[in-house]
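The values are calculated or read from the model by the stated rules, or taken from the named source; none is laboratory data. Every value quoted in this text rests on a predicted model; they were computed, and no experiment measured them. Here the Cβ positions follow ideal geometry from the backbone for every residue, glycine too, while neighbour counts run over all protein chains shown.
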């Protein structure tokens, strides 16, 4: 039971972080379908830190460096979306999809190159970080507390305050609802959209490194992040683009994702004799059902997905 | 005045695609330089040359055939993406529909002993049903087709692994060889294999996929149904106002798209070129590469034939890369860069058009100035 709670919390943290990233980007008016790619690249940044920073540094320094690595690469990668969708007015769906493919392909190529350089016989795309990972964990009576659970809560608070209580957040949301009106009162729509995209890069990168730290101590980059970026988008839609509701939605989805990791720990679930694949597909099935029921009255930002053209009023 | 060739839409699409390819290869080259400067040029050349890397002529022909074998399913996937995109739908679920089709044909062939045609048709039907789910969700529940498509990709993958576990080899995680266990389900070769140094994987699938591409073009351009679909894609509300059943059109489109992608799966697995691994933990890339091919082909069925071949050509070429320096995934990297660049096709066309307009304006001004000049000259 404790294990289930632990996994639920960590997977919810991932979904929460990434969904909040999507939330910022969409509120500014850019649909970020590239979250999955941003997660992979963010995870790569963190994993590289864990591989190359000597284990002699203090756990605190390690945590900070890993987070920094994830955030920097996540933000850098999200600029690909910004340039294409804000400045060059490209199709946001194609660019997002391309970013997802590019993220996995680039990470695989890089990690393989690093592995092969270190050991010519090693052609895997796996990075191991069992030792470095310990910096993130605190054992409280059998419960493995991960610092990312706290980070996710802080991120939620920051997102809530930024969006609803600051001038910046309100302006950002105006750009997603009615950019022409925002522009007419002197808000720079392009700048605001860039801010939204870059913030989604920060959150996406954090979510990525959090995901590969959840439960495993090595990661095969060929696998990407298994549709988690899209699950996060489903969480965001289910949460109606509102941070607090997103948090609740993330908990629900996190629970189903956690079940696939720990179902064999429950006697009654094992006795049902359901194949593991069923548990694996659970989160996706649930999100489809949830989307079917919640998308009808969606409160999506009105101008999302439409490139802003200053000349068009 | 001579009509400017650059103004032609098809020519512009071609130029834009070529720019994407060249830039994509160039950016890929730069990435390789970063990883290992010594072999970057050789690696890119190996990717571009693909089967030409083989030294013996008959082996070259055989490898060329192998590339074609995988081009057929890719072409089907990209036709699926293209068809849906004409109606304004982004069918990223093609990957899942491809998986569903693979599952259907393999279970029908290996489990139930069906012949090749029933297997093919069964794959089609399953794919259509799978596509219809996305369509129904889109039409009646307003679910974004990209997100539902991705979810269905993963659901399809896990379901397929579960179903095909019943027809796997007892010693491995792969499904049984169709050629050994269910030869009746192998697609007829029509003698085409002889052209490619007796490549036994060359089948009906290759010509059939090209015929289907042409059929798609005819449906889209020459029929009322195609016109309605395109109108729905252009403006859903206008189409509804004009009396078209926009909901039905959305569902029908995704059913057809699903059937096309599923046929792709059948085209690959009914040649026994590959076996399905039931422990596969990621969705096969065929559907995603289909997106690349559809956009690279300028969203034109004929262009897509060539684009599919190109994407498959460099994907197979990845196998020839010096593995001590790079991994074969660099071809995935290049094709994903190309898709990213395809997002800019509209921008490139816009740039070409403004360039032409500017030049014409300049010329017009020059002509005017010359006219004024001669008028003056006439006075003297």
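Which ones in the range A:49-105 are touching a helix residue (DSSP H, G or I) at 6+ places or on another chain (Cβ under 6 Å), buried (at least 20 other Cβ atoms within 10 Å of the Cβ) and more than 14 Å from every other protein chain (Cβ to nearest Cβ)?
Within the range A:49-105, A:49, A:50, A:62, A:66, A:69, A:70, A:71, A:73, A:74, A:75 meet the criteria.
Results for (1) assigned to a helix (DSSP H, G or I); (2) touching a residue at least 40 places away in the same chain (Cβ under 8 Å); (3) surrounded by fewer than 22 Cβ atoms within 10 Å (Cβ to Cβ), shown as yes or no for each residue.
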position: B:315; (1), (2), (3): yes, yes, no
position: B:323; (1), (2), (3): no, no, yes
position: B:326; (1), (2), (3): no, yes, no
position: B:337; (1), (2), (3): yes, yes, no
position: B:341; (1), (2), (3): yes, yes, no
position: B:346; (1), (2), (3): yes, no, yes
position: B:351; (1), (2), (3): yes, no, yes
position: B:354; (1), (2), (3): yes, no, yes
position: B:369; (1), (2), (3): yes, no, yes
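How many residues, within the range A:199-218, are surrounded by fewer than 24 Cβ atoms within 10 Å (Cβ to Cβ) and either over 25 Å from residue A:82 (Cβ atoms) or more than 13 Å from the chain's Cα centre (by Cα) (or both)?
Count: 5.
I need the full set of residues from the range A:258-296 which are part of a helix (DSSP H, G or I) and more than 12 Å from chain B (Cβ to nearest Cβ), in order please.
The answer is A:258, A:259, A:261, A:262, A:263, A:264, A:265, A:267, A:268, A:269, A:270, A:271.
Find the residue count for the range B:21-59, including only residues that are assigned to a helix (DSSP H, G or I) and out of contact with any helix residue (DSSP H, G or I) (no Cβ under 7 Å at 6 or more places or on another chain).
Adding up the residues that qualify gives 13.
Cβ-Cβ under 6 Å, sequence separation 6+ or interchain: first residue in the range A:229-241 and facing chain B (nearest Cβ under 10 Å) and under 16 Å from residue A:302 (Cα atoms), partner assigned to a helix (DSSP H, G or I) and modelled with pLDDT under 85. Which pairs?
Close Cβ pairs (under 6 Å, with a partner that is assigned to a helix (DSSP H, G or I) and modelled with pLDDT under 85) do not exist here.
Just to be sure I understand, how many residues within the range B:254-297 are within 13 Å of chain A (Cβ to nearest Cβ) and part of a loop (DSSP other than H, G, I, E, B)?
8
Just wondering, is there one or more residues in the range B:357-364 that are at pLDDT 85 or above and within 20 Å of residue B:95 (Cα to Cα)?
no
Given the conditions (1) buried (at least 16 other Cβ atoms within 10 Å of the Cβ); (2) within 11 Å of chain B (Cβ to nearest Cβ), and given that residue A:152 satisfies all but one, which numbered condition is not satisfied?
(2)
Which one is nearest to the other protein chains (Cβ to nearest Cβ), of the residues in the range A:219-228 that are surrounded by fewer than 23 Cβ atoms within 10 Å (Cβ to Cβ) and either over 18 Å from residue A:19 (Cβ atoms) or touching a strand residue (DSSP E or B) at 6+ places or on another chain (Cβ under 9 Å) (or both)?
A:223
Can you find a residue in the range B:185-193 that is in contact (Cβ under 8 Å) with a residue 40 or more places away in the chain, in a loop (DSSP other than H, G, I, E, B) and surrounded by 14 or more Cβ atoms within 10 Å (Cβ to Cβ)?
yes
Table: residues versus (1) within 14 Å of chain A (Cβ to nearest Cβ); (2) surrounded by fewer than 20 Cβ atoms within 10 Å (Cβ to Cβ); (3) more than 30 Å from residue B:142 (Cα to Cα); (4) touching a strand residue (DSSP E or B) at 6+ places or on another chain (Cβ under 7 Å).
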{"position": "B:44", "(1), (2), (3), (4)": "yes, no, yes, no"}
{"position": "B:60", "(1), (2), (3), (4)": "no, yes, yes, no"}
{"position": "B:71", "(1), (2), (3), (4)": "no, no, yes, no"}
{"position": "B:77", "(1), (2), (3), (4)": "yes, no, no, no"}
{"position": "B:80", "(1), (2), (3), (4)": "no, no, no, no"}
{"position": "B:92", "(1), (2), (3), (4)": "yes, no, no, no"}
{"position": "B:95", "(1), (2), (3), (4)": "yes, no, no, no"}
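What about residue A:304, is it within 14 Å of chain B (Cβ to nearest Cβ), touching a helix residue (DSSP H, G or I) at 6+ places or on another chain (Cβ under 6 Å) and over 20 Å from residue B:151 (Cα atoms)?
Yes.
Tell me which of these residue A:174 doesn't satisfy, since it passes every other one: (1) out of contact with any helix residue (DSSP H, G or I) (no Cβ under 8 Å at 6 or more places or on another chain); (2) more than 22 Å from residue A:84 (Cβ to Cβ); (3) without any contact (Cβ under 8 Å) to a residue 40 or more places away in the chain.
(1)
Yes or no: residue A:111 within 14 Å of chain B (Cβ to nearest Cβ), under 23 Å from the mean Cα position of the chain (by Cα) and over 30 Å from residue A:5 (Cα atoms)?
Taking the combined requirement at face value, the residue satisfies it.
Restricting the search to the range B:97-136, which residues are within 15 Å of residue B:159 (Cβ to Cβ) and within 12 Å of chain A (Cβ to nearest Cβ)?
B:133
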